[in-house]
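Accompanying notes for the structure given below.
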Amino acid sequence: MVSSSNPQRGFIPAQNDQERLVMRRAEDLCRVAGSRGIARYTGFLSDREQALCQAALNRLGWQDHSFQGGYPQAERRILCIEPADAYQTGEPPICCIRIECTGGASGASVSHKDYLGSILGLGLERSCLGDILPFEGGAYAVVLENAAEVICSQLCSVGRLNARAERFYEELPTENAERDIQSATVSSLRADAVIAAMCRIGRGRAAQLLSGGGVEINHIAVTSPHTPVYKGDIFTIRGVGRYKLTTLGGKSRKDRVFIEYFKY
């Protein structure tokens with residue numbers, strides 16, 4: 001098997017004021033939770049924001065916390081700060097809604113982007129919304145409790161389809177969280193080679209995307225085609241999409257590395 005360990009990468013420090021603010025907010029919530037003995041929660045966080053919060057809590061030496069996203073495979077999660085000696089605790093403020101779409105022109109369909117845009121179009125912040133899991137004819141959305149009422153009462157369309165949303169109290173169907181895993185082989189575990197394989201483009205084009213500032217790996221801008229990549233890396237490629245490198249396998253007879261990945 002190809003090794004994917006990376007002792008040099010580790011945690012990438014905050015890159016800008018917004019990321020530093022994420023860390024400060026996590027630290028502030030810990031102080032409030034500890035001094036008042038009550039649980040505190042953030043909104044939904046991206047994987048990069050979760051890493052920033054974890055680093056902030058590590059710096060404080062804070063242990064009593066978890067990240068919850070409504071189901072085990074969740075990508076977006078909230079930080080739950082729950083002191084061991086808290087006198088006021090409760091369930092994380094997460095719930096699930098089910099959206100059903102009807103009507104529209106023949107053959108009309110909606111995508112993850114359509115669901116996201118329609119929900120945020122109600123005036124909600126991105127932090128109110130966790131994962132969206134589309135199914136045929138609708139989608140499940142994991143949201144904060146205080147956003148559920150707004151969505152259920154005001155959401156009436158998604159894309160060009162009529163829509164109706166209601167709370168979903170059953171266990172979220174895990175099959176809707178399954179990803180379409182794809183495989184490929186690459187000549188090396190460099191950013192340009194892996195991006196070319198995932199996006200099915202030439203390596204030269206992948207290098208252009210990198211040098212043009214159109215690629216982030218784990219939410220950090222990467223411009224060098226020589227940048228090494230590792231299992232678990234998330235690639236955000238402007239105008240193309242987001243990918244996660246899930247598996248590094250052995251080598252083929254032609255000395256190429258097997259990889260597995262999925263597109264969000």
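The values are calculated or read from the model by the stated rules, or taken from the named source; none is laboratory data. Model, not experiment: these values are computed from the prediction. Cβ placement follows ideal geometry from the backbone for every residue including glycine, while neighbour counts extend to all protein chains displayed. With ligands, DNA and RNA removed, areas are computed over all heavy atoms of the protein, side chains included. Shrake-Rupley method; radii C 1.70, N 1.55, O 1.52, S 1.80 Å.
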Expected output for segment 116-136 (first residue without any contact (Cβ under 8 Å) to a residue 60 or more places away in the chain and farther than 15 Å from CYS95 by Cα, partner open to solvent by 40 Å² or more (accessible area, probe 1.4 Å) and of a type in the set (Ser, Thr, Tyr), Cβ below 7 Å, 6+ apart or cross-chain) is SER118/SER157
Quick check: anything in segment 193-210 closer than 26 Å to LYS254 by Cα, modelled with pLDDT of 95 or more and in contact with a Pro (Cβ under 6 Å, 6 or more places away or on another chain)?
yes
Of the candidates GLU166, GLU149, the one satisfying the condition of being outside any helix (DSSP H, G or I) and at negative phi is GLU166
Filter segment 41-69 for residues that are open to solvent by 70 Å² or more (accessible area, probe 1.4 Å) and outside any helix (DSSP H, G or I); the one that is modelled with the lowest pLDDT is GLN63
Would you call TYR264 modelled with pLDDT under 95 and either surrounded by 20 or more Cβ atoms within 10 Å (Cβ to Cβ) or farther than 24 Å from SER109 by Cα (or both)?
-> no
From the option list CYS96, CYS152, single residue qualifying as surrounded by 12 or more Cβ atoms within 10 Å (Cβ to Cβ), modelled with pLDDT of 95 or more and over 30 Å from MET23 (Cβ atoms) is CYS152
Of the listed residues (ARG238, ARG179), the one being touching a strand residue (DSSP E or B) at 6+ places or on another chain (Cβ under 8 Å), open to solvent by 30 Å² or more (accessible area, probe 1.4 Å) and free of Cβ contacts under 8 Å to residues at least 40 places away in the same chain is ARG238
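Rundown of residues vs (1) touching a strand residue (DSSP E or B) at 6+ places or on another chain (Cβ under 7 Å); (2) open to solvent by 30 Å² or more (accessible area, probe 1.4 Å); (3) over 29 Å from GLN18 (Cα atoms); (4) modelled with pLDDT of 90 or more, yes/no style:
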site: ILE78; (1), (2), (3), (4): yes, no, no, yes
site: GLN88; (1), (2), (3), (4): yes, yes, yes, no
site: SER118; (1), (2), (3), (4): yes, no, no, yes
site: GLY121; (1), (2), (3), (4): no, yes, no, yes
